[in-house]
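Report on the structure given below.
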Amino acid sequence: MKDGFIKAATATPKIKVADVTHNADSIIACIKEAAAQGVKLLALPELCITGYTCGDLFFQKTLIDGAWEQLQRIKDEVSALDIIAAVGLPLQKNGKLINAAAVLYHGEILGTVGKKYVPNYNEFYEKRHFSDCMEEPPVIFRCRELPEFAFGVEICEDLWSPCPPSVQLAAGGATVILNLSASNEMIGKAEYRRSLVTGQSGRLICAYLYASAGDGESTTDTVFSGHSLIAENGALLAETAPFDNRLSVTEIDVLRLAGERGKNTTFPMTGGAEVVEFSMPLSETKLTRYVSPSPFVPAEDADRADRCESILLMQSEGLRKRVEHTGAKSLVIGISGGLDSCLALLVSAKAMDRLGRSRADVIAVTMPCFGTTQRTKSNAVRLCEALGVTLREIDITKAVTQHFEDISHDPKNMNVVYENAQARQRTLILMDIANEENGLVVGTGDLSELALGWATYNGDHISMYGVNAGVPKTLIRHIVRYYADSSGNGELKTVLYDILETPVSPELLPAENGEISQKTEDLVGPYELHDFFLYYAVRWGFPPKKVYRLARYAHGNGYGDDVILKWLKNFYRRFFAQQFKRSCLPDAPKIGSVTLSPRADWRMPSDACARLWLEELEEM
């Protein structure tokens, strides 16, 4: 439960229709199995104590009384376990029989919730036996120690209705919804069920546990598969395949959900629900849910290809519109033979294609100086030739040397002046060529560099349109690789792959034996770590300790704890110190859910202090 993680599960007990004693035994076994795995919240199927398919046996008092007696036995036999379980049963209430869920914890029934939408169509005829509970107020069960852990319950058809009770429950503060279901199986229904559950979790910014009836239900007219799902904010975390009928366990993050709701100004918080509080001491939750080490990069090849194509279209369309609006005659871009300028050049060529103009209107300028290697210079030339853009080479060595004389800087002193003078000289040349050619300077810096402030102020930090500003470094690699694989141009593919294998470097310090001497990741840290930090620290607003915990979990096999902590501290130091560069960024298209544009999603004082964040890490 620490850091907001709640281990949650769905289970489908093997039942016998109307054999409440057997079913209670099976339910108790499921609860004990879940508790042994550290589960704190368990959803079981609709009417699982009796079976959903009892038909007119629901009119028998013997069955109803037997179900209640077995609920008491279940409650007592699992009372010592630190787990909340929601169990389905028929319940006599106010003279009516209702389809209910009973919430059990530490030998008590915290409350019961009745089904609101009782179906009576096609294969369903529940109204023959059950009354609806439309007049019942919404009930939310909330943890005293972790108020963000608050859940509500709905039953099967409630989700399939036009106005699910979960909407009111979420608006009342529930971050988790349990659905006790007996959804029979039909061709195509599993896909629709999955879309309902994930969609509802996304709309309500909640976790959704859907537990479905399966093995043992009557097959007289229908078949039940036990297809159960756990989703969080639109993402499917765990799923029991149809007819698998097993316990499905994962962790949900209620603090993440609460934080997302807090940022969403259109999410209603109406209150008005009856609140039942319970006490569950905070404990460490062992993580088993998948945490991607590269959260910006889709795991599946097909999804990754779609993502790359979509980003290229967004970048090129943004640039196309800017060219069209300004009437620019050319695009001017500094090309280094590195990854970022490579992508920016690909985008520029694509923008000209979309405008129906010649790629020769893209002017790529390579500007070798002290640290330029033959490899990167050669790749820059080959790339331009393969794309058919206009290439210019301007050696800036003399100009920078003269500048050093002008400001009395010793060129043997390879400090920040030595480095930044080269970056600013390059920007000066690009801006002047753009003026001369009635063009726009296309920026090449990416999102990861902006987060770290790895850009020369008034140097490569400045452009007239920054096409890469919304794309993190880890994703840029995949976009370039995707372009290479789909280009159909052998020479282009060859040079793109060599660029991908070239170490990331600003090449501002002299080469050593013809090789790159200045490797960015040796100086600021691995980009795969920084992109991970960026995603969880900025997108989700997680505190440093939680970011560190997740980074250890996702990257533990690749990096030691000390290494992760070292670069996480560096991330926070640089992120706060370099905000002044982000406060005056050029226009750029928003690409994903993380952006650092001062006009879009990120507004931060340039003089904000990192003390709280760094102190939290120092305490570890």
The set of residues whose placed amide H lies less than 5 Å from the amide H of residue 224, leaving out same-chain residues fewer than 5 positions away, is 185
By the Cα gyration tensor axes a ≥ b ≥ c (a/c under 1.5 gives rounded; else a/b larger than b/c gives prolate, otherwise oblate), the shape of segment 489-557 is prolate
Taking a ≥ b ≥ c as the square roots of the Cα gyration tensor eigenvalues, with a/c under 1.5 meaning rounded and otherwise prolate when a/b beats b/c or oblate if not, segment 504-620 comes out oblate
With +1 on the Cβ of every Lys and Arg and -1 on the Cβ of every Asp and Glu, the dipole magnitude of segment 64-210 about its Cα centre, in debye rounded to the nearest 20, is 300
With a Förster distance of 51 angstrom and the Cβ-Cβ distance between residue 243 and residue 357, calculated FRET efficiency to the nearest 0.05 equals 0.35
In order over segment 371-380: 3J(HN,Hα) from phi, Karplus 6.51/-1.76/1.60, θ = phi - 60°, whole Hz, x for each Gly or Pro, gives x, 5, 9, 4, 4, 5, 5, 4, 5, 4
Of all GluC sites (Glu not before Pro) in segment 295-378, the ones in DSSP coil with at most 14 other Cβ atoms within 10 Å are 300
Once the dipole of the chain is set up from charges on Cβ (+1 Lys and Arg, -1 Asp and Glu), the residue from the list 589, 430, 103 lying farthest towards its positive end is 430
Percent relative contact order for segment 1-112, counting Cα pairs under 8 Å at least six residues apart, stands at 26
Computed over segment 354-505, the Cα gyration tensor eigenvalues, each multiplied by 5 and square-rooted, give semi-axes in Å (largest first) of 27, 18, 16
Carbon/sulfur accessible area of the chain, % of total, 1.4 Å probe, equals 50
Given a 1.4 Å probe, the accessible area of the chain per residue, as a whole number of Å², is 41
Once residue 562 and residue 160 are pulled to full extension, the length gained, defined as 0.36 nm per residue separation minus their Cα-Cα distance, is 139.8 nm
Computed on Cα atoms only, the convex hull of segment 1-66 has an orientation-averaged projected area in nm² of 4.9
In nanometres, the difference between 0.36 nm per residue of separation and the alpha-carbon distance of residue 120 and residue 68 is 16.2 nm
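Before rounding to the nearest 500, sum -39500 (n - 2.57) across all DSSP H runs of length at least 4 in the chain and divide by the residue total; then give [θ] at 222 nm in deg cm²/dmol.
Here the helix-only value at 222 nm equals -12500 deg cm²/dmol.
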Once phi for every residue in segment 383-388 is put through the Karplus expression 6.51 cos²θ - 1.76 cosθ + 1.60 (θ = phi - 60°), the whole-Hz ³J(HN,Hα) values, with Gly and Pro written as x, are 5, 5, 5, 5, 8, x
Log10 I(q)/I(0) at q = 0.22, 0.28 Å⁻¹ for segment 524-576, from Debye over equal alpha-carbon scatterers, is -0.72, -1.21
Share of Cα-Cα pairs in segment 319-399 beyond 22 Å, whole percent, is 25
Phi angles of segment 599-612, converted by Karplus (6.51 cos²θ - 1.76 cosθ + 1.60, θ = phi - 60°) into ³J(HN,Hα) in whole Hz with x for Gly and Pro, give 9, 10, 9, 10, 10, 9, x, 5, 10, 5, 9, 8, 3, 4
Env charge @ residue 388, Cβ radius under 14 Å, K,R +1 / D,E -1, value 0
One would report the Cα pair-distance distribution of the chain, bin width 20 Å, in %, as 18, 40, 26, 14, 2, 0
In debye to the nearest 20, the charge dipole size for segment 1-142, taken about the Cα centre with +1 at each Lys and Arg Cβ and -1 at each Asp and Glu Cβ, equals 180
One quarter of the C-alpha convex hull surface, i.e. the mean projected area of segment 25-98 in nm², amounts to 5.0
Loop-resident chymotrypsin sites (Phe, Trp or Tyr not before Pro) in segment 113-215 with no more than 10 other Cβ atoms inside 10 Å, DSSP not H/G/I/E/B, are 121
Charge tally for neighbours of residue 451 with beta carbon under 10 Å away, counting Lys, Arg as +1 and Asp, Glu as -1, is 0
Taking a straight Cα-to-Cα line shorter than 19 Å from residue 590, and setting aside same-chain lysines fewer than 8 residues away, one finds 263, 321, 350, 473, 581
P(r) of segment 1-156 over all Cα-Cα pairs, 5 Å bins starting at 0, rounded to whole percent, reads 2, 9, 19, 22, 20, 14, 8, 4, 1, 0
Residues other than residue 503 with Cβ under 11 Å of its Cβ, Lys/Arg counted +1 and Asp/Glu -1, net out at -3
Quick calc, the chain, dipole around Cα centre from Cβ unit charges on Lys, Arg (+) and Asp, Glu (-), nearest 20 debye, gives 840
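The values are calculated or read from the model by the stated rules, or taken from the named source; none is laboratory data. Because the structure is a prediction, the values reported are computed rather than measured. Here Cβ is always computed from backbone atoms with ideal geometry, including for glycine, and neighbour counts include all displayed protein chains. The protein model used for the area step is the full one, side chains on, heavy atoms only, and it has no ligands, DNA or RNA in it. Shrake-Rupley method; radii C 1.70, N 1.55, O 1.52, S 1.80 Å.
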